[in-house]
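Data block below; observations after.
Quick note: the coordinates plus some simple rules give every number you see, no bench work behind them. This structure is a prediction, so every number in the text was calculated from the model and none was measured. Ideal geometry is used to build each Cβ from the backbone, glycine not excepted, and the neighbour counts take in all protein chains shown.
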Amino acid sequence: MLPGLLHQLSLGVRGLRQRLSFSLLALISLGLGIGASVAIYAVVDAVLLQPLPYAEAERLVQVEEVDAEGRKMPLAE
């Protein structure tokens, strides 16, 4: 089993060397994809999944004043 695995590994490395541009393009694509996924997850985790850093954050509310047509009006100037 091990000699077969080593043979397959050497064939794979030889193939990657022969097609260096494809290998680099695949590596760059994987790096960008993984980096983008990690960045998006970090933003979603920080904004949506973690609780707000306030005591009793679930009791926070936002107060808005709306005119007769439904447009938001400023509360204070």
Review point. Which of the following residues is surrounded by 10 or more Cβ atoms within 10 Å (Cβ to Cβ), among the polar types (S, T, N, Q), on the phi < 0 side of the Ramachandran plot and under 30 Å from the mean Cα position of the chain (by Cα): S29, S10?
Key: S29
Check your understanding: Could you list, in sequence order, the residues of the stretch 37-52 that are in a helix (DSSP H, G or I) and aliphatic (A, V, I, L, M)?
Key -> V38, A39, I40, A42, V43, V44, A46, V47, L48, L49
Practice item. Report, by residue number, each residue of the stretch 3-36 that is of a type in the set (D, E, K, R) and part of a helix (DSSP H, G or I). Key: R14, R17
Practice item. With the condition kept exactly as written, say whether any residue in the stretch 19-26 is surrounded by fewer than 10 Cβ atoms within 10 Å (Cβ to Cβ) and under 34 Å from the mean Cα position of the chain (by Cα). Key: yes
